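Input: a single structure, listed below in structure tokens.
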Amino acid sequence: MGFETQNALLRIALSMGTVRIMNMITTRGLARTFRSKSGAVNAVRGVDIDVAVGEIVGFLGPNGAGKTTTLRMLTTLIDPTAGDATVAGHDLRTDPVGVRRSIGYVAQGHSTERAAQVREELLDQAAFYGIDPREGAKRADELIEAFELGSFQNKVIKELSGGQRRRVEVSLGMVHSPKLVFLDEPTTGLDPQSRANLWDHVRALREQHGSTVFITTHYLEEADALCDRVLILDDGQIIASGTPDELKRGIGGDLITVEVDGDRDAARDVIAAAVEGATIETPEGGRALRITIANGDSQLPIILRALDAAGMTVATVQLARPSLDDVFLKLTGKSLRDEN
Amino acid sequence: MKVIHDTLIVYRRQIRHSLRQPAWLVFALVQPVFYLVLFGPLLEQVANTPGFPEGNAWSVFVPGLLVQLGIFGTLFAGFGLIEQLRDGIIDRMRVSPMSRVAILMGNVLRDATVLIVQATILTVLAIPFGLNLTWQALVGGLIAVILLAISFASISYAIAMVAKDEEPLVGVLNLFSPPLLLLSGILLPMTLAPQWLQYVSDANPVKHVVDGLRQLFYGELWNSTVGWGLFAVTLMAVVCVAGATRTFQRENP
């Protein structure tokens, strides 16, 4: 079948309503205003979000940016004050129960009962979703295996380590095999090893079950390592979106840091003459020069040769690709890390 | 029905957690046992005072203690809900399609169950002190305690659901519980009170529950006082559960 024919057929199918190209999440102008004594607080100021089936999308922003508020709206925990949303094919306002059946949600902070045993929590969670006990037991055992909970499945929650408890909480969100999973800062407070371990589990969700994952984080490494696409949220608004690479490319270059023994201003002139399009800064209180330049990897040897030819001794050299933190800094003038 | 199915799930879960921490089940009993041991004997003399109701001191005092247990054993149940709110457990339930009312009722019925056990222990402990326990007294006492537990646990959960914090809950409960206690004739019968105080206490449904229960402990099976007591406690349970249900539905759309 030719491309033209395929397209024509698709158009007919679409017009007949037999095929729908569905987003897993679509929001338009979704907003939430909280009333407090000091007046109205616009926690989320009208966000448009589109998440396709099977994507892992990161929601990145400092604390207080409105990430959790947005997530709580999308998971039916709070009502939006404006805007519309369709989540997993169900309208957020008219069919919240339909949304609840289709999504898994792992809240920020804890969501397990300290006095409960791990396996009991999984069985109860299955019961909350109306899964019959036999099927629930089967699901619990599958998740105990998938999330490697076996060695502590009969321990009470309060005896677990932070990483173990978090794994239990993520596994609880999967009991009913949801096609869409919301994870609110799933790795906050975990050591790097537990964090990497949890990332593997999140990737497996998509690979093995085709789940769509919407994850909030203020860890750049997390967004980088895990997400197909990142939405950057600041002050209740989405200020940028794209793949991590696209966002970094948008920043306009790599960062080369050179430390020289000798006159920094002279070194600056040498570099400016040697390469084109470089922005050179000399931060106070050091001997470093910060050079922002496109294609830093191929420009670096030129810079070093020029400094050498001018008789300057280079003490240290660093080449850094821009991080998402740099992206954030450029977009907002704020560092994502300082906020934490 | 879904709400009943979900209520049983929450009930089973809460009972399991309560059994895992048996210490506080005993702690809740400590206070009424102190009253029984350290205050009850005082009444043996007072029982001869004109105006003291019929029956020996213990058949007057134990019904009061049971009602006190029913109220104060559950009035602070909201703290448990706040802990569940804070631990994210209520949100986890709210994101699931389960019934919101089931979250309330599962917890309320757990509290009522705990109260049955405590009330039975307390009543039996009173026997060596001189209580002449009959079956109708035991059954009547348990029915009263269950319905009181349902009433006051519901109120406590509803306040906790709105306040979401311990301090307002403590404030509200401290404001309302002393008059409720003092105007019910739990410690000393209201028949000893001056006329105006008796009129005020007549407006307190708990007072009628205590009066009805005292009749059962005295040996009556059915009379108008017992009837009024049953009516008062049933009405309280219906009103409190209805109010708490509405609150839960409003707070958890």
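Show me the helices (runs of 4 or more DSSP H) found entirely inside region A:129-216 where at least 3 residues are surrounded by 22 or more Cβ atoms within 10 Å (Cβ to Cβ). Outline the logic, then answer.
Working: elements: A:133-146, A:162-172, A:192-209.
Per the criteria, A:162-172.
Condition check ((1) without any contact (Cβ under 8 Å) to a residue 24 or more places away in the chain; (2) closer than 29 Å to residue A:46 by Cβ; (3) of a type in the set (Val, Ile, Thr)) across all residues:
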site	(1), (2), (3)
A:158	no, no, no
A:170	no, no, yes
A:195	no, no, no
A:200	yes, no, no
A:204	no, no, no
A:233	no, yes, no
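Evaluate region B:61-80: report whether one residue or more is in a helix (DSSP H, G or I), modelled with pLDDT of 90 or more and within 14 Å of another protein chain (Cβ to nearest Cβ).
yes
Do we have residue A:330 as touching a residue at least 40 places away in the same chain (Cβ under 8 Å), touching a Phe, Trp or Tyr at 6+ places or on another chain (Cβ under 8 Å) and not assigned by TED's automatic domain parsing to the domain that holds residue A:232 here?
Against the criterion (touching a residue at least 40 places away in the same chain (Cβ under 8 Å), touching a Phe, Trp or Tyr at 6+ places or on another chain (Cβ under 8 Å) and not assigned by TED's automatic domain parsing to the domain that holds residue A:232), residue A:330 does not qualify.
In region B:1-60, what residues are within 14 Å of chain A (Cβ to nearest Cβ), of a type in the set (S, T, N, Q) and surrounded by fewer than 16 Cβ atoms within 10 Å (Cβ to Cβ)?
Keep residues of region B:1-60 that are within 14 Å of chain A (Cβ to nearest Cβ), which gives B:1-25.
Next, only the ones that are of a type in the set (S, T, N, Q) stay: B:7, B:14, B:18, B:21.
Matches in region B:1-60: B:21 only.
So in region B:81-113, with the set limited to residues that are of a type in the set (A, V, I, L, M, F, W, C) and out of contact with any helix residue (DSSP H, G or I) (no Cβ under 7 Å at 6 or more places or on another chain), which one is nearest to the other protein chains (Cβ to nearest Cβ)?
Narrowing region B:81-113 to residues of a type in the set (A, V, I, L, M, F, W, C): B:81-82, B:85, B:89-90, B:93, B:95, B:98, B:101-105, B:108-109, B:112.
This time we only want the ones that are out of contact with any helix residue (DSSP H, G or I) (no Cβ under 7 Å at 6 or more places or on another chain), so: B:85, B:89.
Numbers: B:85: 11, B:89: 6 Å.
Result: B:89.
Farther than 18 Å from residue B:16 by Cα, crowded, with 18+ Cβ neighbours inside 10 Å and either of a type outside the set (Asp, Glu) or at the interface with chain B (Cβ under 9 Å from one of its Cβ atoms) (or both): which single residue out of A:98, A:104 fits that description?
One residue alone meets the criteria, A:104.
Applying the selection to region B:177-186, what residues are more than 14 Å from the chain's Cα centre (by Cα) and surrounded by fewer than 18 Cβ atoms within 10 Å (Cβ to Cβ)? Steps first, please.
To start, the set of residues in region B:177-186 that are more than 14 Å from the chain's Cα centre (by Cα) comprises B:178-179, B:182-183, B:185.
Once the filter is applied, which keeps residues that are more than 14 Å from the chain's Cα centre (by Cα) and surrounded by fewer than 18 Cβ atoms within 10 Å (Cβ to Cβ), region B:177-186 yields B:178, B:179, B:182.
Return the residues of region B:2-59 that are at negative phi and not in a helix (DSSP H, G or I); say none if nothing qualifies.
Across region B:2-59, the qualifying residues are B:21, B:39, B:47, B:48, B:49, B:50, B:52, B:53, B:54, B:56.
Residue by residue through region A:286-312, note down the ones that are aliphatic (A, V, I, L, M), part of a loop (DSSP other than H, G, I, E, B) and either at pLDDT 85 or above or crowded, with 18+ Cβ neighbours inside 10 Å (or both).
Scanning region A:286-312 gives A:310, A:312.
Which of the residues that make up region B:18-56 are modelled with pLDDT of 85 or more, closer than 24 Å to residue B:89 by Cα and under 21 Å from the mean Cα position of the chain (by Cα)?
B:18, B:19
Quick one: which helices (runs of 4 or more DSSP H) sit completely within region B:193-253 and have at least 2 residues that are touching a residue at least 24 places away in the same chain (Cβ under 8 Å) and not aliphatic (A, V, I, L, M)? Walk me through it before giving the result.
Values: elements: B:195-202, B:205-218, B:224-251.
Filter on region B:193-253 gives B:205-218, B:224-251.
Can you confirm whether residue B:95 is of a type in the set (A, V, I, L, M, F, W, C) and farther than 26 Å from residue A:165 by Cβ?
Working: of a type in the set (A, V, I, L, M, F, W, C): yes; farther than 26 Å from residue A:165 by Cβ: no.
The answer is no for residue B:95.
Condition check: out of contact with any helix residue (DSSP H, G or I) (no Cβ under 8 Å at 6 or more places or on another chain) and closer than 18 Å to residue A:71 by Cα. Does residue A:212 satisfy that?
Answer is no for this residue.
Would you point out the residue of region A:69-92, among those that are within 26 Å of residue A:188 (Cβ to Cβ) and away from every other protein chain (no Cβ under 14 Å), that is surrounded by the most Cβ atoms within 10 Å (Cβ to Cβ)?
A:70
Only one of these conditions is not met by residue A:66: (1) within 14 Å of chain B (Cβ to nearest Cβ); (2) crowded, with 20+ Cβ neighbours inside 10 Å. Which number is it?
(1)
For region B:97-117, enumerate the residues that are surrounded by fewer than 21 Cβ atoms within 10 Å (Cβ to Cβ) and polar (S, T, N, Q).
Answer for region B:97-117, where residues must be surrounded by fewer than 21 Cβ atoms within 10 Å (Cβ to Cβ) and polar (S, T, N, Q): just B:113.
Condition check: in the same structural domain as residue A:314 (by TED's automatic domain parsing), on the phi < 0 side of the Ramachandran plot and more than 11 Å from the chain's Cα centre (by Cα). Does residue A:273 satisfy that?
Yes; evaluated as a whole, the condition is true for this residue.
Being buried (at least 21 other Cβ atoms within 10 Å of the Cβ) and either within 14 Å of chain A (Cβ to nearest Cβ) or in contact with a Gly (Cβ under 7 Å, 6 or more places away or on another chain) (or both) narrows it down to one of B:230, B:169, so name that one.
B:169
The values are calculated or read from the model by the stated rules, or taken from the named source; none is laboratory data. Source: prediction; values computed, not measured. Cβ: placed from backbone, ideal geometry, glycine included. Neighbour counts: every protein chain shown.
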